[in-house]
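The values are calculated or read from the model by the stated rules, or taken from the named source; none is laboratory data. In this text the structure is predicted, and so the values were computed from the model without any measurement. Cβ placement follows ideal geometry from the backbone for every residue including glycine, while neighbour counts extend to all protein chains displayed. Each accessible area value is taken on the protein alone, full model and side chains, heavy atoms only, with ligands, DNA and RNA left out. Shrake-Rupley method; radii C 1.70, N 1.55, O 1.52, S 1.80 Å.
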Amino acid sequence: MNEPNEVELAAMKLVSETCFEPLRKHFNKPIGISSFFRSEEVNKAVGGSATSAHMFGEAIDIDADIMDNGITNADIFHYLRENVEFDQLIWEFGDKQNPDWVHVSYRARGNRKMVLRAVKREEAGVMRTRYIPYLP
């Protein structure tokens, strides 16, 4: 089951109002969401981090490609970085011009304003995801 409880639902509303709604209003177009709340079971199934903010309703993965409306994931990333409060903003894989998707999280308290890039690195023969500082 992948249904948020009342606390998780409140966190989802907060991240939506703080991060997603300003983005949607700015571009004035539908914006695709590829992942939002994930129960622990769903998070494990998709290979999410054991400490993923998605499990608390505090994170949204946004993918402009879902809507094909002229907005790029890079447009979304840069708008969020420059215009909204967040805990983490992650350029997820892709290349130097455009991420595959954008992760943004927001917490009721203690937002760290971390800007990161997710990359795959081979370590001991196994491909692993690593988060490094985002450098424009």
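Values for this structure:
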read-out: Computed helical MRE - 222 nm, the chain, DSSP H runs ≥ 4 contributing -39500 (n - 2.57), nearest 500; value: -7000 deg cm²/dmol
read-out: Theoretical gain in end-to-end length, VAL46 to GLU21 [0.36 nm per residue, Cα-Cα removed]; value: 6.4 nm
read-out: Chain lengthening between ILE33 and GLU82 when straightened (0.36 nm per residue, less Cα-Cα); value: 15.6 nm
read-out: Largest-first principal axis extents, alpha carbons of the chain, Å; value: 43, 35, 29
read-out: For ILE62, distant residues with modelled amide H under 5 Å away; value: SER34, VAL102, HIS103, VAL104
read-out: Label-reachable residues, segment 67-108, where backbone N falls under 11 Å from a point 7 Å from ALA10's Cα toward its Cβ; value: 108
read-out: Student exercise, the chain dipole from Lys, Arg, Asp, Glu Cβ charges, in Debye to nearest 20; value: 460 debye
read-out: Cα-based shape type of segment 59-136, given that a ≥ b ≥ c are square roots of the gyration tensor eigenvalues and the cut on a/c is 1.5; value: oblate
read-out: Stretchable slack from VAL119 to MET1, in nm (0.36 nm times residue separation minus alpha-carbon distance); value: 39.5 nm
read-out: Inter-label distance, nm, simple model (7 Å from Cα along the C-beta direction), ARG130/GLN97; value: 2.6 nm
read-out: Peptide ranges 35-41, 2-8 listed from the most packed, as the mean C-beta count within 10 angstrom indicates; value: 35-41, 2-8
read-out: Pairs of Lys in the chain closer than 25 Å at Cα, counting only those 8 or more apart or on different chains; value: 9
read-out: From phi via Karplus (6.51, -1.76, 1.60), per-residue ³J(HN,Hα) for segment 124-136 in Hz, x at Gly/Pro; value: 6, x, 10, 6, 10, 8, 10, 10, 10, x, 6, 10, x
read-out: Where HIS26, HIS103, HIS78 fall by accessible area, highest first, once all protein chains stay in place (1.4 Å); value: HIS26, HIS78, HIS103
read-out: Candidates ALA74, ALA108, ALA59, ranked by Gaussian network fluctuation over the chain, Cα under 10 Å, top entry; value: ALA108
